[in-house]
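The values are calculated or read from the model by the stated rules, or taken from the named source; none is laboratory data. Small disclaimer: the values here were computed from a predicted structure and weren't measured. Using ideal geometry, Cβ is built from the backbone for each residue, glycine included, and neighbour counts are taken over all protein chains shown.
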């Protein structure tokens, strides 16, 4: 027990066991009362377990480990050991030794070939040579040969200059040339239309900017080189030129590209950027006139930049991202790596090869200023000056303004500055002097906040700015939380390995735990810390809360992983440096002077990286010639869409929806889009947004819905796009929840004040009720399902205590077997001809798929499958015993084949091998294109609704016995099992309640039922004693 290692292992094991036991106490079911409607409340998914698990791993586990270790140390450790003074922070983690004579020539050759290689890449792009590989090699080798000849000639004639000095000078002088040639790369950036041979140029670097950059960098390098009096100083300036100028240019050339033909436009995801930029361009002021979820940088400036620099189209905006925004984000990360790994150029090279060869692909350009913030933090920690403090605080402030999710970076960075100064404080100095950096940052931040507030007040947007943060940040996990694996397939690099996502999930947690251990050990043992250690502590301090973004919505982890890349690389760098130092020490003590002092581990790792890379370095280099000059098939069919693959975008649909909307509005009339399709209505069709909620997914909390209703009541738009049930690029339904459920207050307001008048390609358009137009009743059912799931069990809003109640008469009906699903014919590319249902081998029902299934159309990327749903209701005798496990459904293809439909999760039974039917061939159940989504036996109730039923907001179910786990469906049809378009549904949990309420007033279907019979179906049967409507 005297050994610290033994005590630590015991503490680690005990802490892990206690943490696991503590997590076992976390409840499985969700327990919350909220006004947020999201997947967690819809599916009774306890998203909080993810947060508890994370909190236990990065909070409780290390706390227990350190506590137990300290306890064991107090009991069994040595006592009375003197405390060493705190050592001053190291400028750098390691000092690179001077190159030996036998390696100096190798280093000089490597640097020279790197400069020549970057010049070769630029030459290949500019010349547009057919044999790019040969031209690249000739340029690189030619430059190297020229430098070698120059060095030999100069060294032989200038005795004071040795050969290496000449090489260094040549490389320093040539470095700015790589910047100058970027102008040529810009002028050579183009797309060729293969159908006509027309070439369209897309220059992106103005001559004045290229000249200014080249002149500024040249002056800086030449000035430094002239002042360098010794070979060592000239070597340092060569390193600066290579690392700070040539390296970033080379990286930019290898990661930037101009895209070719794009696929289907996503009218919601891409539409947020396109519409956000368009609305801002029309004069909207952010926050006051436009609310953005992801911040100005992503939702506004990305679109403005791409449309301004490349072209005003969806393709132009995407090209701006891939050609400039994303590559510049990689360059910013490169500069951070250059600072961290400055003394180990081989490790720096390896970190960038991870990017170029595709092993690190995640970059989060919304947080592209974070590397710059960390570099300025390093500068401030090295030396406390007013200029450095102001620069650091300003960039940090700007990042937090343009991207709200960066808000956590503010306390992370400022907290590290405070800890740094407290750790190195001197008792003889006053608090003001000890905390000089902190006071400077606080003063700078105060002035920035004051100036920003005055600026916003001038535009009447200060309250709106604060409102946006209060509206979007709280409760995000209940809005978008989904189980891991629900989405995200294919987002990672498939050529790396199937466990890459697991690595990306665990890597940030690993970095956090290692950082905690590292700082605890270093501070307790009084070992020196480098400034870069503190910089990475700030990076980890940001990753710690930012990882919650992934937990809140586990569609993918790569945003959080991107922020963790620098700390993860730094942990590896620290470990490699330590191992190489120890190895060199051991070899020196044993007299092995021939053994290299450095890179004994870095070099093998680099070779492994190159061998195992998913993209060969040679392929990455060869791709440069066409990355800046792609081919496109033909001219854009629609200018605002830009280059796209043929048939991927339904241009006719865009035009016909536009004409339908034009029939309701004047040319410049605004529209309110409740369908979450901003890319179509506010960009392609050019309709102004009626208010700042240009896509309704912003209005989640009840207070934001109230704000939206206030604006709707104020602006009173003439037309509303209520929902889209047929367009995959919209988000009328996401995470299985439709807009009318998720935005319940807004939906109810719209249905109260507007009526449906036109349906076009799945879009239902509403006009103001006061305009005297007649509602098209059938359109109330041309909407996505009003499926509340388990939401009523967690729903906070409730009827007023004095709400008017009306008992609804009802009667019981006979039992029925209900089957729902979908079936398509992939060969004919249409819904299946027929669906045949059997029980125990006997046909009990047949139907033709004709019900709307936009989800199937979206998932299979085929619009022809939209009406592939089916529903069947079969009467069941009271004395019969139906085994659902024997229920089967087969789809009859146009060819006559019969294919068994797969059984969705939750439906019992196993598939059969074949089906024998008259006039149908026997077909095995291979690659079924369809499924039974639900099969149950239920006892429906027939309700008699009053004439004014649509004016009531709530439907309440009262039971004698406590409600069990089950589902309830309300529909005006019983002759078939509707898949949602004519149904309101919800579910209950077994929690001892004898009443359940659902907000029917928010459902379009409720307005369409009218006064006829409505059927209420519980499954399984519940002890219902009464049904009431509440107003």
Query raised in the report: Looking at residue 237, is it touching a helix residue (DSSP H, G or I) at 6+ places or on another chain (Cβ under 7 Å), touching a residue at least 24 places away in the same chain (Cβ under 8 Å) and on the phi > 0 side of the Ramachandran plot?
Result: no
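Quick grid of which residues meet (1) closer than 30 Å to residue 186 by Cβ; (2) surrounded by 16 or more Cβ atoms within 10 Å (Cβ to Cβ); (3) in contact (Cβ under 8 Å) with a residue 24 or more places away in the chain:
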| position | (1), (2), (3) |
| --- | --- |
| 601 | no, yes, yes |
| 616 | yes, no, yes |
| 619 | yes, no, no |
| 638 | yes, no, yes |
| 644 | yes, yes, yes |
| 655 | no, no, no |
| 662 | no, no, no |
| 665 | no, yes, yes |
Report summary line: Out of (1) closer than 22 Å to residue 43 by Cα; (2) under 41 Å from the mean Cα position of the chain (by Cα), the one residue 1021 does not meet is (2)
Query - Count of residues meeting criterion [more than 18 Å from residue 124 (Cβ to Cβ), in contact (Cβ under 8 Å) with a residue 12 or more places away in the chain and outside any strand (DSSP E or B)] in the stretch 181-201 - result: 4
Query raised in the report: Going by the conditions given, is residue 470 not in a helix (DSSP H, G or I) and not assigned by TED's automatic domain parsing to the domain that holds residue 578?
Result: no
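Out of all the residues in the stretch 205-217, is one or more within 30 Å of residue 642 (Cβ to Cβ) and assigned to a loop (DSSP other than H, G, I, E, B)? Break it down into steps so the answer makes sense when it comes.
So the first thing to find is which residues in the stretch 205-217 are within 30 Å of residue 642 (Cβ to Cβ), and the list is 205-210, 213.
Okay, now just the ones that are also assigned to a loop (DSSP other than H, G, I, E, B), so 205-206.
Yes, there is a match, as at least one residue in the stretch 205-217 is within 30 Å of residue 642 (Cβ to Cβ) and assigned to a loop (DSSP other than H, G, I, E, B).
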Query raised in the report: Can you name the residue in the stretch 473-507 that is under 30 Å from residue 287 (Cβ atoms) and not in a loop (DSSP other than H, G, I, E, B) and, of all such residues, is modelled with the lowest pLDDT?
Result: 476
Report summary line: Residue set 638, 606; condition out of contact with any strand residue (DSSP E or B) (no Cβ under 7 Å at 6 or more places or on another chain), modelled with pLDDT of 85 or more and in a loop (DSSP other than H, G, I, E, B); output residue 638
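Table: residues versus (1) surrounded by 18 or more Cβ atoms within 10 Å (Cβ to Cβ); (2) within 23 Å of residue 353 (Cα to Cα).
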| position | (1), (2) |
| --- | --- |
| 169 | yes, no |
| 180 | no, no |
| 190 | no, no |
| 255 | yes, yes |
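What is the residue count in the stretch 127-153 for residues that are farther than 16 Å from residue 174 by Cβ, assigned to a helix (DSSP H, G or I) and within 44 Å of the chain's Cα centre (by Cα)?
To start, the set of residues in the stretch 127-153 that are farther than 16 Å from residue 174 by Cβ comprises 127-138, 152-153.
After this cut, where a residue has to be assigned to a helix (DSSP H, G or I) as well, the list is 127, 132-138, 152-153.
Checking which are within 44 Å of the chain's Cα centre (by Cα) leaves us with 127, 132-138.
Residues that pass the stated criteria total 8.
Can you pull out the helices (runs of 4 or more DSSP H) entirely within the stretch 702-818 that have at least 2 residues that are in the same structural domain as residue 1001 (by TED's automatic domain parsing) and on the phi > 0 side of the Ramachandran plot?
Passing ranges: none, list empty.
When you check residue 710 against the structure, is it without any contact (Cβ under 8 Å) to a residue 12 or more places away in the chain, surrounded by fewer than 21 Cβ atoms within 10 Å (Cβ to Cβ) and over 25 Å from the mean Cα position of the chain (by Cα), yes or no? Don't jump to the end; show me each part of the working.
Values: without any contact (Cβ under 8 Å) to a residue 12 or more places away in the chain: yes; surrounded by fewer than 21 Cβ atoms within 10 Å (Cβ to Cβ): yes; over 25 Å from the mean Cα position of the chain (by Cα): yes.
It is true that residue 710 is without any contact (Cβ under 8 Å) to a residue 12 or more places away in the chain, surrounded by fewer than 21 Cβ atoms within 10 Å (Cβ to Cβ) and over 25 Å from the mean Cα position of the chain (by Cα).
Anything in the stretch 341-357 that is outside any helix (DSSP H, G or I) and either in contact with a strand residue (DSSP E or B) (Cβ under 9 Å, 6 or more places away or on another chain) or within 17 Å of residue 619 (Cα to Cα) (or both)? List them, or say none.
Let us first name the residues in the stretch 341-357 that are outside any helix (DSSP H, G or I), namely 341-344, 357.
Result: 357, single match.
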Report summary line: Residues in the stretch 714-749 that are modelled with pLDDT of 95 or more, touching a helix residue (DSSP H, G or I) at 6+ places or on another chain (Cβ under 9 Å) and farther than 18 Å from residue 1003 by Cα total 3
Report summary line: Among 299, 289, the single one that is closer than 25 Å to residue 470 by Cα and surrounded by 22 or more Cβ atoms within 10 Å (Cβ to Cβ) is 299
Report summary line: residue 409: passes all of (1) in contact with a helix residue (DSSP H, G or I) (Cβ under 8 Å, 6 or more places away or on another chain); (2) outside any helix (DSSP H, G or I) but (2)
Query raised in the report: Would it be correct to say that residue 379 is touching a helix residue (DSSP H, G or I) at 6+ places or on another chain (Cβ under 8 Å), touching a residue at least 12 places away in the same chain (Cβ under 8 Å) and closer than 27 Å to residue 90 by Cα?
Result: yes
Report task. Spot the failing condition for residue 170; the list is (1) outside any helix (DSSP H, G or I); (2) modelled with pLDDT of 90 or more; (3) more than 39 Å from the chain's Cα centre (by Cα), and only one is missed. Result -> (1)
Query raised in the report: Of the residues that sit in the stretch 416-446 and are in a helix (DSSP H, G or I) and exposed (fewer than 14 other Cβ atoms within 10 Å of the Cβ), which one is nearest to the chain's Cα centre (by Cα)?
Result: 446
